[in-house]
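Worksheet: one structure, shown below.
Throughout, read-outs are computed from the coordinates displayed, never taken from laboratory work. What you see is a predicted model; the values in this text were computed from it and never measured. In this analysis, Cβ positions are derived from the backbone assuming ideal geometry, glycine residues included, and neighbour counts consider all displayed protein chains.
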Amino acid sequence: MSIRKYKPTTPGLRGMTTLNYRELLSGHRPHKPLMRGSKGMGGRNSQGRITVRHQGGGHKKSHRMVDFYFDKKNIPARIASIEYDPFRSAFIGLAIYKDGEKRYVILPQKVKVEDVILTSESAPLKPGNRLPLGKIPVGTFVYNIELKPGNGGKMVRSAGVFAEVVAQDAGYTHLKMPSTEVRRILATCWASIGEVSNEEHRLVVYGKAGRTRWKGVRPTVRGTAMNPVDHPHGGGEGKQGRGLRRAKSMWGKPTGKGQKTRTPKKYSNVFIVSRRKVGKRK
């Protein structure tokens, strides 16, 4: 286990943990041609209005141009390094293809430096290789999954997560997602074999508010601490209950506590075999 704990010499260090990156990463510097600068928008759109709350500040970061398309088929690639990406929880690796091209890819667990990965319809079933979902047997764990053929991996990309192939049926593959939802996806979509790297990411304890500010996360205010004009839960003398049967968001929409928040007529409802389980049942 690569979780590092600290002696409680200050209140912030009491209970705080970090990942020991010296054990997890290869120590290589980022590949400059695959990096570009980024400008923090602080959760604001082109009109300057806040569209995503609780964002702002944080350390300056550079984007790594990660390949989600894997459009180089039948060409093996060697993993030259395992690196940290400030914009995602999973580790990335520098893949050097046999024709010399270099690309960053999301790495699965158990893939090490000098391992070889392959994107092919006939690739062997080993972590990091990429195949069409229809060629992957039931019970296999997959990640970085396409929703439309050739559209690039969109789902299951965070640290430590995976989806399980549970059935192959009439041109569709049934996947059990990390949320416990079972979903149909076209069997011609591609996915990578394995579980996403850095599975200990969820065990990290920040320990103090300042560490979340370094990440670019601003404070979240409870609705019950607001005035009635600002939130449906606001108001009341002293500490009050919300006074509503069901919890609401700032905009009056249902939220949390096991309530269904999915759009009733969402286009992808036809692809869901089994809804996700919430709360203690999950």
*Express the Stokes-Einstein translational diffusion coefficient of region 1-74 in µm² s⁻¹, to the nearest whole number, given a Kirkwood radius over alpha-carbon pairs, 20 °C and a viscosity of 1.002 mPa s.*
127
*asked:* Just to check, using Stokes-Einstein with a Kirkwood Rh over alpha carbon pairs, what's the diffusion coefficient of region 175-235 at 37 °C and 0.692 mPa s in µm²/s?
replied: 198
*Quick one: work out Rg over Rh on the C-alpha atoms of region 107-217, Rh as Kirkwood radius.*
1.06
*In a GNM of the chain with a 10 Å cut-off on Cα contacts, which of Ser268, Ser62, Ser197 has the highest mean-square fluctuation?*
Ser268
*Within region 109-146, which GluC sites (Glu not before Pro) sit in a loop by DSSP and count at most 12 neighbouring Cβ atoms inside 10 Å?*
Glu114, Glu121
*Within the P(r) computed for the chain, what percentage of the Cα pairs occupies the region above 27 Å?*
54
*Under 5 Å, built H, 5+ apart or other chain: amide partners of Val166*: Gly139, His174, Leu175, Lys176
*asked:* Residue by residue through region 49-65, what is 3J(HN,Hα) from phi via Karplus (6.51 cos²θ - 1.76 cosθ + 1.60, θ = phi - 60°)? Round to whole Hz and write x for glycine and proline.
replied: 8, 6, 10, 10, 6, 6, 10, x, x, x, 6, 5, 9, 10, 6, 9, 7
*With only Lys, Arg, Asp and Glu charged, each at its Cβ (+1 for the first two, -1 for the last two), find how big the charge dipole of the chain is about the Cα centre; round to the nearest 20 debye.*
1440
_Integer Hz, Karplus 6.51/-1.76/1.60 couplings in order for region 262-271, x for Gly and Pro_ = 5, 4, x, 10, 5, 4, 8, 4, 5, 8
*Report the one residue of Val165, Gly42, Ala191 whose Cα lies farthest in the direction of the positive end of the charge dipole of the chain (charges on C-beta: Lys and Arg +1, Asp and Glu -1; origin at the Cα centre).*
Gly42
_Signed unit charges on C-beta, dipole axis of region 89-218, positive-most listed residue Gly210, Ser179, Gln109_ = Gly210
*Can you list the equivalent-ellipsoid semi-axes of region 1-134, largest first and in whole Å, using the square root of 5 times each Cα gyration tensor eigenvalue?*
32, 23, 14
*asked:* Can you compute the radius of gyration and Dmax for region 185-282, using only the Cα atoms, both in Å?
replied: 19.4, 59
*Residues of region 196-220 with amide nitrogen under 19 Å from the 7 Å Cα-to-Cβ point of Ser249?*
218-220
*Karplus-derived 3J(HN,Hα), 6.51/-1.76/1.60, for each residue of region 178-195, Hz, glycine and proline x*: x, 7, 6, 5, 9, 10, 8, 9, 3, 5, 8, 6, 9, 8, 9, 7, x, 10
*When each pair of different Cα atoms in region 114-173 is counted once in the 1/r mean, what is the Kirkwood radius in angstroms, to one decimal?*
12.3
